[in-house]
Amino acid sequence: MSSVTDEVPRNRPSGTAANGWLVIVLGILVCVLIFRTISDTITNRPNYTPRTVTPRGDLAANEQSTIDVFQLAAPSVVYVRTRNDQQSQFRNGLIPDELSSGTGIVWDESGHIVTNLHVVRSNLLLEQTNLTVQLIDGTELDATVIGGVWEHDIAVLRVEASASQLHPITLGTSNDLQVGQRVMAIGNPFGFDHTLSTGVIGGLNRSVATDIEDEVLSGLIQTDAAINPGNSGGPLLDSAGRLIGVNTAIVSPSRASAGLGFAVPVDAVMESVAIVLEGVSKSTAGHLGVGLLGWQEAQQFRIPREIFERGPIVRNVFPTTAADDAGLRQTRPAGNIYGRFIELGDQIIAVDGEPVRTGEELREIIRSRRPGDQVSLTLIRDERQLTVSVVLKTPTLIY
């Protein structure tokens, strides 16, 4: 009996191995397909030809002129801050509390800085304040108030710096300005340092009542260049980059620019600087030397309107002025520096027997007199009426 043995060829691949390779190939193809699908979905890119950049060409002449003016004047513009150092309740040391800030102008290489008097008002009224000036390169310098002219809202500061750090502003004139001239303002509105705004002169010889002291500044330049809180004390420039005014006030229901900005003419600024630094004044008008309480501040002090409207209330008496010599009293905080409790200053109700009800009326009467003239002020002090004689001076304030 015989048996038969089946032989299987040795070189033929088995069905299992072939199937394995097929699965691998199919897997690779599926992965490639999935990758391309996802990639196309994510990028979703059509056929795209990159755009070419069009050459800009030369700047327009007016653009280049504005740039040139800014680059010329910006190094002459500084940041002015007044801080009040208050004792910390949590640790030893002092915590700086910024009371006010504004802009200043480098006047000369001797370290004199020009700004608005109201910008440094806190430094003049409060003790233990720190006044600083920050240059365009970020250098911060201690500053002192040399003096100021309240009539023009101009103050002169002094810093210790080398001549190489200081870049005096280029001076122009303001007696030949015309409505429609292009102007530029540089300042630190809302803390944004060296901000440029542009506009035109919208009017000349304007009079504006200030919010702080109820004083009226006259002879101002009106402009629609954007001026906001922080621009005060900064330069108003003409198209040649010359200083033609110092930005000082706005008229706006929101305290932001409404296209009505005002600047002290540079001719008045130069006179003010001469008064402070040289003791020279060309003004023939008398000067009393007081700041008056405004209605907004009177409301904070909870002063009834019927009392406020009896006559202008002395908010500040500036040193070495006629009011200081005559012993006029200023409003003083009692207990709270922001004035919930105060001692009212003298309230002026008449000058030489002529009744006055507002700060503007008082100012007009005083300006109609000459330095050296003696005037009789009728006052209400501690709810008692009295008369004080005052010899008017030139508009000079030396601290």
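A compact table of results
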{"item": "Count - residues of the range 327-338 that are surrounded by fewer than 18 Cβ atoms within 10 Å (Cβ to Cβ) and either assigned to a loop (DSSP other than H, G, I, E, B) or at pLDDT 90 or above (or both)", "result": "7"}
{"item": "Matching residues, the range 162-187, being of a type outside the set (S, T, N, Q), surrounded by fewer than 18 Cβ atoms within 10 Å (Cβ to Cβ) and under 23 Å from the mean Cα position of the chain (by Cα)", "result": "Pro168, Leu171, Arg182"}
{"item": "Filter pass, Ser218 being outside any loop (DSSP other than H, G, I, E, B) and free of Cβ contacts under 8 Å to residues at least 12 places away in the same chain", "result": "no"}
{"item": "Residue within the range 341-349 that is at pLDDT below 90, β-branched (Val, Ile, Thr) and either touching a Lys or Arg at 6+ places or on another chain (Cβ under 8 Å) or closer than 20 Å to Leu386 by Cα (or both) present", "result": "yes"}
{"item": "Test: residue in the range 188-202 that is surrounded by fewer than 17 Cβ atoms within 10 Å (Cβ to Cβ), in contact (Cβ under 8 Å) with a residue 40 or more places away in the chain and within 16 Å of Ser232 (Cβ to Cβ)", "result": "yes"}
{"item": "Residue in the range 310-326 that is surrounded by the fewest Cβ atoms within 10 Å (Cβ to Cβ), counting only those that are touching a residue at least 40 places away in the same chain (Cβ under 8 Å) and either assigned to a helix (DSSP H, G or I) or not assigned by TED's automatic domain parsing to the domain that holds Asp346 (or both)", "result": "Asp325"}
{"item": "Breaking point among (1) touching a Lys or Arg at 6+ places or on another chain (Cβ under 9 Å); (2) within 30 Å of Ile186 (Cβ to Cβ), for Val273", "result": "(1)"}
{"item": "Output for the range 363-386, where each listed residue is touching a strand residue (DSSP E or B) at 6+ places or on another chain (Cβ under 6 Å) and either outside the structural domain of Ala350 (by TED's automatic domain parsing) or within 15 Å of Ile313 (Cα to Cα) (or both)", "result": "Arg363, Leu377, Thr378, Leu379, Ile380, Leu386"}
{"item": "Residues located in the range 148-187, provided they are in a loop (DSSP other than H, G, I, E, B) and touching a residue at least 60 places away in the same chain (Cβ under 8 Å)", "result": "Asp153, Leu166, His167, Pro168, Ile169, Thr170, Gly172, Thr173, Ser174, Asn175, Leu177"}
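The values are calculated or read from the model by the stated rules, or taken from the named source; none is laboratory data. A quick note: this is a predicted structure, and the numbers were derived from the prediction, not measured. Please note: Cβ atoms are built from the backbone with ideal geometry, for glycine as well, and neighbour counts cover all protein chains shown.
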